[in-house]
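Computed from the coordinates by the stated procedures, all read-outs in this text should not be read as laboratory data. Fair warning: this is a prediction, and the values are worked out from it, not measured in the lab. No Cβ is skipped: glycine too gets one built from the backbone with ideal geometry, and neighbour counts run over all protein chains shown.
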Amino acid sequence: MQARIKFSSKRFLLALMLCACSIILLQNDDLAADTSFTFQLLGILGGLSVCFVLFLPSLFIKIRTDGDVLQLAERCTPRAKLPLAAVYSCCFVYTALYFLLPYTEMFHTKYFPEASPCLITVVLLACCVYAACKGVNVISRFGVFLFAFALLTNILMFGGSVSEVDWGHCTFALRGDAGEFLQNTVYFVTPAFIIPIFACLSGCVSNFRLRQPVFALVFTGIKYAAVIFFICFALGDYSRRQGFQTFLLSRVAHFSTFAGIESFYLALSTMAVFMILSLLLCCITKSVGRSGELRPIILFTGIILALDVAATYLDPVREVLTNPLLFVVLTVIPAAVIPMIWYFIGRKSNAPKN
């Protein structure tokens, strides 16, 4: 990764927004089943509001120093470089598996049962290694193409589902209890995984504005709400008996005799997961001070592959690696706790100079 060459922050935040949208693409019975559409909207609002709060320490660092948390830590506390790299690397490896496992399960069970999940992982990771070697700038350029493709897929998926809308499938009344609200809110906090990516790579971007992450979260919420709306009112109870509800939505979408756009959905989800994994590999190599180097990229890719194989054949490992609550806890540490600590350390170290 060519860390000294800065590129547009708009393009970078666009890429992060597309990564966050993958949460709803891979949704698989993660939301409380008997809650109403309005109740789920409140979960989206609550979850993304928490995401914005978690964003603040990294945003303050970017605004104040025009750098990222890794650059600030290297300048203020060089001795903490190794433990900081270890924490970020572990969190990023976990994040990679959190998306890789449901994606390969969806691909294997819903689209191509003949393909081994491990084979799918190997092919996808090989592509991610190549992208990580090219760097964040190139990956963010790919995000522009992905955005255009996502628009097309959404138009087809939502437009083709309009004829299936039945207001009797769900209700706008508030229906759900406190436990279900907490479950939904925790699930919609999981997009916070883009914050550690921003915290590590924001030093590479220029012309940053505070409104950019705000717009990214707002548009992410709109995408979530649209998908949830059609799942509730176009699929109804049928979606609760099937896994991967967004895939099912793409399958029932139709225009006259043209039925099913699951190929578009699969391509979009594949490219979204590809971009997530590629950015995570860039973050890992930057955190260990080896940006863009092939050896550390291959090393951490091998770790991800080994854990993926273990999770494929060992259910306890899979349950740990795909637990939303644990994922949120492990995301909060690199997203907010570490940037907040170094933000105050940086302010104290600059106080004598001022």
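Rounded to 0.05, the FRET efficiency of the Ile341 and Ala225 pair, given R0 = 45 Å and the Cβ-Cβ distance, is 0.85. Separation of the range 31-79 from the range 152-206 is 16 Å, based on Cα centroids.
Assuming charge only on the beta carbon of Lys and Arg (+1) and of Asp and Glu (-1), the dipole of the chain about its Cα centre is about 1960 debye to the nearest 20. Here the Karplus relation 6.51 cos²θ - 1.76 cosθ + 1.60, evaluated at θ = phi - 60°, turns the backbone of the range 238-247 into coupling constants of 4, 5, 6, 9, 10, x, 6, 5, 5, 4 Hz, with x for every Gly and Pro. Spacing of the modelled spin labels on Val214 and Thr38, each 7 Å from Cα toward Cβ, amounts to 2.8 nm. Farthest towards the positive end of the charge dipole of the range 10-340, among the residues Thr301, Val123, Phe327, is the Cα of Thr301, using unit charges on the Cβ of Lys, Arg, Asp and Glu. At full extension, Thr109 and His254 could sit 50.0 nm farther apart than now, given 0.36 nm per residue minus the alpha carbon distance. Scalar couplings 3J(HN,Hα) for the range 165-180, obtained by applying the Karplus form with A = 6.51, B = -1.76, C = 1.60 to θ = phi - 60°, are 5, 9, 5, x, 5, 8, 9, 8, 5, 6, 9, x, 10, 5, x, 5 Hz; x denotes Gly and Pro. With respect to the chain, whose longest principal axis is taken over its alpha-carbon atoms, helix 136-159 is tilted by about 20°. Of the cross-linked pairs Lys6/Lys223; Lys10/Lys286; Lys81/Lys134; Lys10/Lys62; Lys6/Lys286; Lys134/Lys223, those separated by over 18 Å at the C-alpha level are Lys6/Lys223; Lys10/Lys286; Lys81/Lys134; Lys134/Lys223. If the chain linking Leu314 and Thr171 were pulled fully straight, counting 0.36 nm for each residue of separation and taking away their Cα-Cα distance, it would gain 47.5 nm.
Quick note on the range 10-340: its Rg to Rh ratio, both from C-alpha atoms and Rh being the Kirkwood radius, is 0.96. Report, in degrees rounded to the nearest 10, the 0 to 90 angle that the Cα long axis of helix 262-287 makes with the longest principal axis of the chain. In the chain, helix 262-287 runs at an angle near 20 degrees to the longest axis. Projecting the Cα positions of Thr65, Val87, Ala178 onto the charge dipole of the chain (unit charges on Cβ atoms of Lys, Arg, Asp and Glu, taken about the Cα centre) puts Thr65 furthest along the positive direction. The H on the amide N of Ser36, modeled in the peptide plane, is under 5 Å from the matching H of Arg175, each at least 5 residues off or on a different chain. The order of the peptides 74-80, 17-23 by mean Cβ neighbours within 10 Å, most packed first, is 17-23, 74-80.
Tell me the mean residue ellipticity at 222 nm calculated for the chain from its helices only (DSSP H runs of n ≥ 4, each -39500 (n - 2.57), averaged over every residue, nearest 500).
Numbers: 16 runs with 247 residues, N = 354.
Roughly -23000 deg cm²/dmol at 222 nm, from the helical runs in the chain.
Note on the range 1-119: dipole from Cβ charges, positive end direction compared against Ser49, Leu13, His108; the farthest Cα belongs to Leu13. Net length available on complete extension from Asn323 to Ile303 is 5.3 nm, with 0.36 nm assigned per residue and the Cα-Cα distance removed. In order along the range 42-57, the Karplus-derived 3J(HN,Hα) couplings, from 6.51 cos²θ - 1.76 cosθ + 1.60 at θ = phi - 60°, round to 5, x, 4, 4, x, x, 6, 5, 4, 4, 5, 4, 5, 6, 4, x Hz, and Gly and Pro are given as x.
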